[in-house]
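Chemist: Okay, handing you the structure first.
The values are calculated or read from the model by the stated rules, or taken from the named source; none is laboratory data. Small disclaimer: the values here were computed from a predicted structure and weren't measured. Cβ coordinates were reconstructed from backbone atoms using ideal geometry, including for glycine residues, and neighbour counts include every protein chain displayed.
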Amino acid sequence: MVGLPQTAEYALRAVLHIASKPDLVRVATLAEELDIPRNYLSKTLHQLARAGILQSTRGPRGGFQLAVPADMLTLAAILEPFGTLDSGPCLLGRTECRDSAPCAAHWRWKSISGSLKEFFNETTVADLREGGKRR
């Protein structure tokens with residue numbers, strides 16, 4: 001299976017965890033609870049804050065919280081700052097792979113890739129927080 005880059009996975013895990021908490025979440029606490037290196041997580045969270053996904057509060061009582069309501073925050077929006085859903089390189093490693101010059105896997109992968117994008121665009125943090133139940 002084609003997976004998400006590690007930073008994107010950490011971002012999703014962190015945002016879902018933050019969404020489950022009523023108060024600000026500190027980086028150190030989050031890093032420990034999710035078993036993610038603190039400095040790496042801190043950079044990821046600040047990138048999400050710059051993108052308007054999270055809101056950060058500085059100081060000894062500071063931390064992170066959602067900047068967007070969970071029912072309006074799609075997984076695609078969380079991944080967007082990391083370029084994860086961009087049409088990436090060819091599945092078979094070709095330097096040029098597009099509709100007019102497809103590789104052997106292009107057409108089959110294009111439909112799967114489209115379904116993945118649809119999942120990320122249509123699934124919200126609230127959907128996953130509610131156990132992934134269908135709407």
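Chemist: Just checking, how many residues over region 1-28 are in a helix (DSSP H, G or I) and not charged (D, E, K, R)?
Modeler: 14
Chemist: If you don't mind, there's one more thing I want to ask. Taking region 16-28 on its own, how many of its residues are over 9 Å from Phe64 (Cβ atoms) and either at pLDDT 95 or above or exposed (fewer than 14 other Cβ atoms within 10 Å of the Cβ) (or both)?
Modeler: Summing the residues that are over 9 Å from Phe64 (Cβ atoms) and either at pLDDT 95 or above or exposed (fewer than 14 other Cβ atoms within 10 Å of the Cβ) (or both) in region 16-28 gives 7.
Chemist: Hey, among the residues in region 94-115 that are hydrophobic (A, V, I, L, M, F, W, C) and surrounded by 13 or more Cβ atoms within 10 Å (Cβ to Cβ), which one's nearest to Glu80 (Cα to Cα)?
Modeler: Filtering region 94-115 for residues that are hydrophobic (A, V, I, L, M, F, W, C) and surrounded by 13 or more Cβ atoms within 10 Å (Cβ to Cβ), the one nearest to Glu80 (Cα to Cα) comes out as Trp109.
Results for (1) within 14 Å of the chain's Cα centre (by Cα); (2) in a helix (DSSP H, G or I); (3) charged (D, E, K, R); (4) modelled with pLDDT of 95 or more, shown as yes or no for each residue.
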{"site": "Leu30", "(1), (2), (3), (4)": "no, yes, no, yes"}
{"site": "Thr44", "(1), (2), (3), (4)": "yes, yes, no, yes"}
{"site": "Gln65", "(1), (2), (3), (4)": "no, no, no, yes"}
{"site": "Ala70", "(1), (2), (3), (4)": "yes, no, no, yes"}
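Chemist: So, one more: Scan Leu91, Leu79, Leu48, Leu85 and give me the residue that is in contact with a Leu (Cβ under 6 Å, 6 or more places away or on another chain), part of a loop (DSSP other than H, G, I, E, B), surrounded by 17 or more Cβ atoms within 10 Å (Cβ to Cβ) and not small (Gly, Ala, Ser).
Modeler: Leu85
Chemist: Are there any pairs, at least 6 apart or on different chains, whose C-beta atoms fall under 8 Å, with the first in region 24-50 and more than 18 Å from Phe82 (Cα to Cα) and in contact (Cβ under 8 Å) with a residue 12 or more places away in the chain and the second polar (S, T, N, Q) and part of a helix (DSSP H, G or I), and if so, which?
Modeler: Partner pairs satisfying both residue conditions: Val27/Ser42.
Chemist: Go through (1) outside any loop (DSSP other than H, G, I, E, B); (2) surrounded by fewer than 11 Cβ atoms within 10 Å (Cβ to Cβ) and name the single condition Gly59 misses.
Modeler: Every condition holds for Gly59 apart from (1).
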